[in-house]
1. If I ask for residues that are of a type in the set (D, E, K, R), surrounded by 17 or more Cβ atoms within 10 Å (Cβ to Cβ) and part of a strand (DSSP E or B), which ones from the range 82-111 would you list?
2. Among (1) touching a helix residue (DSSP H, G or I) at 6+ places or on another chain (Cβ under 7 Å); (2) loosely packed, with under 15 Cβ neighbours inside 10 Å; (3) among the aliphatic types (A, V, I, L, M), which single condition is residue 182 missing?
3. Tell me yes or no: at least one residue of the range 124-145 is farther than 26 Å from residue 82 by Cβ and without any contact (Cβ under 8 Å) to a residue 12 or more places away in the chain.
4. Would you mention how many residues in the range 137-163 are under 25 Å from residue 101 (Cα atoms), under 16 Å from the mean Cα position of the chain (by Cα) and not β-branched (Val, Ile, Thr)?
5. When residue 81 is evaluated against the numbered criteria (1) modelled with pLDDT of 95 or more; (2) touching a Phe, Trp or Tyr at 6+ places or on another chain (Cβ under 8 Å), which criterion, by number, is the only one it fails?
6. Go through the residues of the range 60-81 one by one and say whether even a single one is under 15 Å from the mean Cα position of the chain (by Cα), within 16 Å of residue 125 (Cα to Cα) and exposed (fewer than 15 other Cβ atoms within 10 Å of the Cβ).
7. Given the conditions (1) outside any strand (DSSP E or B); (2) free of Cβ contacts under 8 Å to residues at least 60 places away in the same chain; (3) over 24 Å from residue 120 (Cα atoms), report the number of the one that residue 35 does not fulfil.
8. Can you tell me which residue in the range 31-54 is surrounded by the most Cβ atoms within 10 Å (Cβ to Cβ), limited to those that are within 14 Å of residue 108 (Cβ to Cβ) and of a type outside the set (A, V, I, L, M)?
Amino acid sequence: MNDKHFLSSIFIEQNFKKEDLETILQQYQRIEFSKNDFLIQEGTTANFYYFMESGFARSYVIDLEGNDISTKFFGPTDIVIDWHSYFLKTKCRENIQAITPCVAWKITFENFMKLFNIEAFRDVGRTRLVNNYFELKTHSVSVIADPAKDRYLNLLKTKPDIIQNVPLKQIATYLGITDTSLSRIRKEIAEQK
């Protein structure tokens, strides 16, 4: 099935002209990932970015002690991308792996560049890039400056679907805490209700 209804609904929200929308949709291909499949692997160059239709994925790095540290989570309607690698053609420093089975729509760099002739597409891309930067910056500062409980509550408020679909150990590393600390925080919150 190659139904682009999902993509259409995403781009229609951006008020693209009909002919531009048709051009955009032609550039994407549907792809499915099984749980634990890699969308992007460390050491490779990202040749695609993905619009996530369903499922959940995460980016992670291996720290100097060999620990697996989550750096971002992706869910439905998110763009899954390694920005540096995709645009600058550098090697990826992170892995992006499916946490659940996923359906996504991929676009090559070459096809993406064709779409830059469409002003509205450029504007949407710029907005997504800026939003991604702000999300990353906010998370980086939060890990340093906010108590662990506040970081968890913020994730619960802003991305409840992540809490429901991602293993707690991966959430804990994203929050910069141990899974034991996360369990204690969750218990404390449950007791307060």
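1. Residue satisfying the conditions is 106 alone.
2. The one condition residue 182 does not meet is (2).
3. Yes, the range 124-145 contains at least one residue that is farther than 26 Å from residue 82 by Cβ and without any contact (Cβ under 8 Å) to a residue 12 or more places away in the chain.
4. Qualifying residue count, the range 137-163: 4.
5. (1)
6. yes
7. Result: residue 35 fails condition (2) only.
8. Filtering the range 31-54 for residues that are within 14 Å of residue 108 (Cβ to Cβ) and of a type outside the set (A, V, I, L, M), the one surrounded by the most Cβ atoms within 10 Å (Cβ to Cβ) comes out as 50.
The values are calculated or read from the model by the stated rules, or taken from the named source; none is laboratory data. All values derive from a computational prediction rather than experimental measurement. So basically every Cβ, Gly included, is an ideal-geometry build from the backbone, and we count neighbours across all protein chains shown.
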